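Q: Supplied in structure tokens, the structure appears directly below.
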Amino acid sequence: MARLTDANVSIAEEIIARYPRAKSALIPLLHLAQEQDGWVTDEAMRHIAELIGVTPAEVLGTGTFYEMFKFEPVGKYLINVCGTMSCALLGADDLMHAAEEELGIHEGGTTDDGMFTLHRAECQAACTEAPCLQVNYRFKFRATPVEVRQLISDLRSGRLDDEVPPHGTLARIRQHIPADRGVGAVDPADVTEPPAWISAASQGGAS
Amino acid sequence: MTSFPWAPGFIEGNRPQIVTSRFQYEDSFTLERYLATGGYEGLRSALARSPQDMHEEVRSSTLLGRGGAGFPAGVKWGLTPEGVYPRYLVVNGDESEPGTYKDRLLMERDPHQLIEGCLIACYAAGLSRCFLYIRGEMALAQERVAAALNDAYAAGYIGKNILGSAFSIDIVLHWGAGAYVVGEETALIESLEGNRGMPRLKPPYFPAAIGLYGQPTIVNNVETLSNLPFIATKGAAEYTAIGTESSPGTRMVAVSGHVRRPGVYEIINGTTTFRDLLYGEEFCQGIRDGNDLKAFVPGGGSAPWFLPDQLDLPFEGRLVGAAGSMLGSGAIMVMDSTTDIPSAALTLTKFYAHESCGKCVPCREGGTWLMRILDRVVEGHGTTDDLDLLLEVGESICPGDMPHAASADLQLEATPFPYKMTTICFVGPSAYVPVHSALTLFRSEFEARVAPSRSRTRIPVTAVGGDS
């Protein structure tokens, strides 16, 4: 599978330039790779290692710590059913069973057509809207088993394509710092003085 | 008492609003709405005075950190060593404590308020770059904050020479990727450096001394920073007029579980009681289906449990601490009389066992032990020995007295917060807290579940070498 495309390499370079040290871009670049391919491939990890000047093993070592990165193909839609306390108290198991039945797979599995992967997830920060689930990190609040079946059928038919991008895509809006406005990242080793407004203030008034 | 379809979960009341004042507007996240409702006035007011003045204003507001520990923000900013630069601001938007969500709403509904708070903090504390770390699973919050940052840069509120002053700063949006422990501030810094998110050894106790890239670093929570525009605009006096002297202002509190009207409420700090929250007409309106209250978790999944005995306590850190728990991140989870207590404890212990980063042995091993033992008890395969074993494993994570609530029925006095711990961070103890609370307050439910122990020699967990 693929290294990052040229378009993604330019995005990657813009991201790297925001940090005083390139390695800080490791997690954002893993997200970028996952957005490109739907999961994180070995080739992409090698490419990221080149871009930020670390070993591929360091990329893998950091990446595998984090739940969201998948190192083998997952479905186009990753369904995460929350199973932590408030959701558990209000019927999370019923949602999981409905999803398992509708998809014909068990928790942790992926459908044969590669459309769906089903996971139990930890607290999704929507506890008053329990039980809840996320599809590719988009919420479904106060879900019922009937709604879960409907949701799966809507995803299958493509009716939710506008709302739910394929797995890997998180924010569809990227930060962009305009060249004429950005201050720029400086290596901390090159700075010893207080920032300008602090020095100015000690000489009387910041503005 | 109003809720808004665009802010699911949030319920507005007839109370002072500091951080949720714009939630009533459907377009609250846009720059236009923000500017039309007093936005960026706090930044102007900050820039009109010296950084030291602004810092002093925040110090005298006694604004307490909203991430969990409740440390005063103005004091925290002052812990940076003198003369060491550059200094950084890292915004903790990695909200993942079970039961908690307020930062997500604040980022989705009012991202400019957060951005303005970051700018005020950087100006006042001389921090020269800001990293805004948002939990990976919050796609909408990331989109809203990214759009707000782009608009604020274009309008001259972020970047070089902000509003024509000497104040220049970048705010960099950074996404997490799913790891609860990263909410711990030194783990957050590790993650931001591109590493596995494992907490750093202490001391230093605060990254204010040695943090990101080894530089002085302030880590503040999203809700904490969202309070700053109000303080900068209206002043510390108006802020401290709300709430109590030791807990001024308001707090965002999420109440979930078996209540009639679960929701996120902005409450007056220090005076609102748990009874108000659970039973009040303007809050949760009582327990569902007219059931009785069995227990509640007062401050996020890491907090020791409370009983109906504690309902009249106000939402005030010191009082709640003395009563055996903590306010933590402002999250209450309610269990009614139908709740199976061992299973409820298991969902939380599973969470913390799963989220252990693996750095400290008592947490890595102990959390998993607790989860497995509790699981077999819940499944009906446990013995009475297992109940003692749970406490014994817990003792290896939290040696000595564990905080717990008082119970009139059990004739039990409270043991105050905090606990002692053999781990670097609170994840390990948090796996034990629900087990300990449930076993201390509801032991009979466990005993009804287990078979008598067969007589056999059990090897104590803590025994090493010796005469065995």
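The values are calculated or read from the model by the stated rules, or taken from the named source; none is laboratory data. Fair warning: this is a prediction, and the values are worked out from it, not measured in the lab. Cβ coordinates were reconstructed from backbone atoms using ideal geometry, including for glycine residues, and neighbour counts include every protein chain displayed.
Q: What's the number of the only condition in (1) among the β-branched types (Val, Ile, Thr); (2) closer than 22 Å to residue A:170 by Cβ; (3) outside any helix (DSSP H, G or I) that residue A:62 fails to meet?
A: Only one criterion is unmet by residue A:62, namely (3).
Q: Let me ask something else about it. Tell me whether region B:344-365 contains one or more residues that are surrounded by fewer than 19 Cβ atoms within 10 Å (Cβ to Cβ) and hydroxyl-bearing (Ser, Thr, Tyr). So that I can check it myself, show each step before the final result.
A: Just the residues of region B:344-365 that are surrounded by fewer than 19 Cβ atoms within 10 Å (Cβ to Cβ), to begin with: B:354, B:358, B:361, B:364-365.
Pick out the ones that are also hydroxyl-bearing (Ser, Thr, Tyr) and you get none.
No: zero hits.
Q: Which number in (1) surrounded by 19 or more Cβ atoms within 10 Å (Cβ to Cβ); (2) farther than 15 Å from residue B:136 by Cβ; (3) touching a helix residue (DSSP H, G or I) at 6+ places or on another chain (Cβ under 9 Å); (4) among the small types (Gly, Ala, Ser) marks the one condition that residue A:38 misses?
A: (3)
Q: Note down all Cβ pairs under 6 Å where the first residue falls in region B:31-54 and is more than 14 Å from chain A (Cβ to nearest Cβ), the second is of a type in the set (Ser, Thr, Tyr) and not in a helix (DSSP H, G or I), and they're at least six residues apart or on different chains.
A: B:33/B:25; B:40/B:157
Q: Determine which single condition residue B:137 fails, assuming it passes every other condition in (1) assigned to a loop (DSSP other than H, G, I, E, B); (2) touching a His at 6+ places or on another chain (Cβ under 9 Å).
A: (2)
Q: Now a separate question. Any residue in region B:321-337 that's part of a loop (DSSP other than H, G, I, E, B): show its pairings with residues that are among the acidic types (Asp, Glu) and buried (at least 24 other Cβ atoms within 10 Å of the Cβ) at Cβ separation under 7 Å, as long as the two are six or more apart or on different chains.
A: B:328/B:97; B:329/B:97
Q: Give region B:154-172 a look and list any residue that's within 7 Å of another protein chain (Cβ to nearest Cβ), assigned to a strand (DSSP E or B) and in contact (Cβ under 8 Å) with a residue 12 or more places away in the chain, or say none.
A: Across region B:154-172, the qualifying residues are B:169, B:172.
Q: At pLDDT 95 or above, surrounded by fewer than 22 Cβ atoms within 10 Å (Cβ to Cβ) and within 26 Å of residue A:66 (Cα to Cα): does that describe residue A:138?
A: On the way: at pLDDT 95 or above: yes; surrounded by fewer than 22 Cβ atoms within 10 Å (Cβ to Cβ): yes; within 26 Å of residue A:66 (Cα to Cα): yes.
Answer is yes for this residue.
Q: Here's something else I'd like to know. Considering only residues that are assigned to a loop (DSSP other than H, G, I, E, B) and surrounded by fewer than 23 Cβ atoms within 10 Å (Cβ to Cβ), which ones fall in region B:303-320?
A: Going through region B:303-320, the residues assigned to a loop (DSSP other than H, G, I, E, B) turn out to be B:303-305, B:307, B:311-313, B:315-316.
The answer is B:307, B:311, B:312, B:313, B:316.
Q: Also, I was wondering about something else. Can you tell me which of (1) assigned to a helix (DSSP H, G or I); (2) closer than 25 Å to residue A:122 by Cα; (3) facing chain B (nearest Cβ under 7 Å) is the one residue A:197 doesn't meet?
A: Only one criterion is unmet by residue A:197, namely (2).
Q: For region B:382-412, enumerate the residues that are out of contact with any strand residue (DSSP E or B) (no Cβ under 9 Å at 6 or more places or on another chain) and in a loop (DSSP other than H, G, I, E, B).
A: Passing the criteria: B:398, B:399, B:400, B:408, B:409, B:410, B:411.
Q: Of everything in region B:88-128 that's small (Gly, Ala, Ser) and outside any helix (DSSP H, G or I), which residue is farthest from the other protein chains (Cβ to nearest Cβ)? Steps first, answer last, please.
A: First, pick out the residues of region B:88-128 that are small (Gly, Ala, Ser): B:93, B:96, B:99, B:117, B:121, B:124-126, B:128.
Then drop every residue that is not outside any helix (DSSP H, G or I), which leaves B:93, B:96, B:99, B:126, B:128.
On the way: B:93: 11, B:96: 6, B:99: 5, B:126: 4, B:128: 4 Å.
That would be B:93.
Q: Shifting gears a bit: Having 1 or more residues that are over 30 Å from residue A:52 (Cα atoms) and of a type in the set (Gly, Ala, Ser) is the bar; report the helices (runs of 4 or more DSSP H) wholly within region B:173-274 that clear it.
A: Values: elements: B:185-192, B:222-226, B:228-234, B:236-240.
So the answer is B:222-226, B:228-234, B:236-240.
Q: Where the second residue is modelled with pLDDT under 95 and not in a loop (DSSP other than H, G, I, E, B) and the first is within 7 Å of another protein chain (Cβ to nearest Cβ) and closer than 16 Å to residue A:31 by Cα and lies in region A:170-184, which pairs have Cβ atoms under 8 Å and are six or more apart or on separate chains?
A: Pairs found: A:170/B:175; A:171/B:175.
Q: Taking residue A:15 as meeting all but one of (1) crowded, with 18+ Cβ neighbours inside 10 Å; (2) at positive phi; (3) not acidic (Asp, Glu), write down the number of the exception.
A: (2)
Q: Ok, one more. Could you please find all residues in region B:79-105 being touching a residue at least 40 places away in the same chain (Cβ under 8 Å) and over 12 Å from the mean Cα position of the chain (by Cα)?
A: Within region B:79-105, the subset touching a residue at least 40 places away in the same chain (Cβ under 8 Å) is B:79-81, B:84-103, B:105.
B:79, B:80, B:81, B:84, B:85, B:86, B:87, B:88, B:89, B:90, B:91, B:105, listed by residue number.
Q: Quick one: which of A:185, A:143, A:171 is in the same structural domain as residue A:81 (by TED's automatic domain parsing), touching a strand residue (DSSP E or B) at 6+ places or on another chain (Cβ under 8 Å) and crowded, with 16+ Cβ neighbours inside 10 Å? Talk me through it step by step, then tell me what you get.
A: On the way: A:185 fails: in the same structural domain as residue A:81 (by TED's automatic domain parsing); A:171 fails: in the same structural domain as residue A:81 (by TED's automatic domain parsing).
None of the others qualify; the one that does is A:143.
Q: Follow-up. Assuming residue A:54 fulfils every condition listed in (1) surrounded by fewer than 18 Cβ atoms within 10 Å (Cβ to Cβ); (2) assigned to a helix (DSSP H, G or I) apart from one, which condition is it?
A: (2)
Q: Residues in region B:326-336: is at least one away from every other protein chain (no Cβ under 14 Å) and of a type in the set (S, T, N, Q)? Before you say what the answer is, go through the steps one by one.
A: Initial filter on region B:326-336 (away from every other protein chain (no Cβ under 14 Å)): B:326-327.
Pick out the ones that are also of a type in the set (S, T, N, Q) and you get none.
No, the conditions are met nowhere in region B:326-336.
Q: If I ask for residues that are within 13 Å of chain B (Cβ to nearest Cβ), at negative phi, surrounded by fewer than 22 Cβ atoms within 10 Å (Cβ to Cβ) and touching a Pro at 6+ places or on another chain (Cβ under 8 Å), which ones from region A:89-121 would you list?
A: If the condition is that a residue be within 13 Å of chain B (Cβ to nearest Cβ), at negative phi, surrounded by fewer than 22 Cβ atoms within 10 Å (Cβ to Cβ) and touching a Pro at 6+ places or on another chain (Cβ under 8 Å), then A:90 is the only one that fits.
Q: For a quick check of your reading of the model, give me the residue pairs whose first member lies in region B:345-361 and is of a type in the set (A, V, I, L, M), whose second is at pLDDT 95 or above and surrounded by fewer than 24 Cβ atoms within 10 Å (Cβ to Cβ), with beta-carbon atoms closer than 7 Å and at least 6 apart or on different chains.
A: Close Cβ pairs satisfying both conditions: B:346/B:375; B:346/B:378; B:353/B:368; B:353/B:371.
Q: Pairs under 7 Å by beta carbon, first residue touching a residue at least 60 places away in the same chain (Cβ under 8 Å) in region B:402-426, partner acidic (Asp, Glu) and part of a loop (DSSP other than H, G, I, E, B), six or more apart or different chains?
A: Matching pairs, first to second residue: B:406/B:413; B:415/B:401; B:425/B:184.
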